Amino acid sequence: GVNIGRESTVIGSNCMLMAYSHVAHDCVLGDHVIMASSANLAGHIDVGNYVTIGGMSGIHQFVRIGDYAFVGAMSGFGQDVPPYMIATGVRGALQGPNSIGLRRNGFKAATCNALKKAYKLIFRSEIPRKDALDAAEQQFAEIPEVLNLIEFIRSSKRGVTSAGHGSK
């Protein structure tokens, strides 16, 4: 069930929380998280490692943001943001993999390409989500990051942010 009252907020190592950013009660931030100015987290939020949250963003309580995700400025999210993705919007939507951030963090081209293909299969195809996850799991069984993305989606309690209409 939902984790009510962890009784602590935990901020990992090498994080940068810029001016007026806010981390509420019972949040857990991984390592190397950047929260730009006026980025706001409500309670009970889990933020993965190497996540960037743009300025003036608001994240609803109990949302999860996966590793290496990038949340654009002035965004608002009430559902989980999967790992390795870039997501933006007032009521935010996925825009595709966070390719620049992944390359900056040393991810190989093969991994980035697999994530892009998995994104298209899971979020942009007409295939039902459950079937798309199964297909991606088979197609990319040797890519740990894709398997991590699939597990993140399957374990979501709030639902996962969907792809925007203009996204690739």
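The values are calculated or read from the model by the stated rules, or taken from the named source; none is laboratory data. Remember, predicted model here, so these are calculated numbers, not experimental data. Heads up, the Cβs are rebuilt from the backbone with ideal geometry, glycines too, and the neighbour counts pull from every protein chain shown. Protein only, heavy atoms only, side chains kept; ligands, DNA and RNA dropped before computing areas. Shrake-Rupley method; radii C 1.70, N 1.55, O 1.52, S 1.80 Å.
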Of the residues in the stretch 72-93, how many are part of a loop (DSSP other than H, G, I, E, B) and either free of Cβ contacts under 8 Å to residues at least 60 places away in the same chain or within 14 Å of L115 (Cβ to Cβ) (or both)?
9
Determine, yes or no, whether L94 is among the aliphatic types (A, V, I, L, M) and either farther than 25 Å from C27 by Cβ or in contact with a His (Cβ under 8 Å, 6 or more places away or on another chain) (or both).
no
Residue match in the stretch 34-48 (condition: on the phi < 0 side of the Ramachandran plot, touching a residue at least 12 places away in the same chain (Cβ under 8 Å), assigned to a strand (DSSP E or B) and in contact with a His (Cβ under 6 Å, 6 or more places away or on another chain))
yes
For the stretch 94-168, please list each of the helices (runs of 4 or more DSSP H) lying entirely inside it that holds at least 3 residues being over 17 Å from F70 (Cα atoms) and small (G, A, S).
109-119, 129-139
Filter the stretch 47-59 for residues that are buried (at least 18 other Cβ atoms within 10 Å of the Cβ) and of a type outside the set (S, T, N, Q); which is nearest to M85 (Cα to Cα)?
V51
Could you count how many residues in the stretch 22-33 are in contact (Cβ under 8 Å) with a residue 24 or more places away in the chain and buried (at least 16 other Cβ atoms within 10 Å of the Cβ)?
1
L115 is checked against (1) buried (at least 20 other Cβ atoms within 10 Å of the Cβ); (2) out of contact with any strand residue (DSSP E or B) (no Cβ under 7 Å at 6 or more places or on another chain); (3) touching a residue at least 12 places away in the same chain (Cβ under 8 Å) and fails just one. What number does that condition carry?
(2)
Kindly provide the set of residues from the stretch 134-168 that are out of contact with any strand residue (DSSP E or B) (no Cβ under 6 Å at 6 or more places or on another chain) and open to solvent by less than 30 Å² (accessible area, probe 1.4 Å), ordered by number.
A136, F140, I143, V146, L149, I150, F152, G159
Any residue at all in the stretch 94-106 that's in contact (Cβ under 8 Å) with a residue 40 or more places away in the chain and basic (K, R)?
no
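Residue under question is I100, and the condition is that it be under 19 Å from K120 (Cα atoms) and crowded, with 20+ Cβ neighbours inside 10 Å; does it hold?
Spelling it out, it is not the case that I100 is under 19 Å from K120 (Cα atoms) and crowded, with 20+ Cβ neighbours inside 10 Å.
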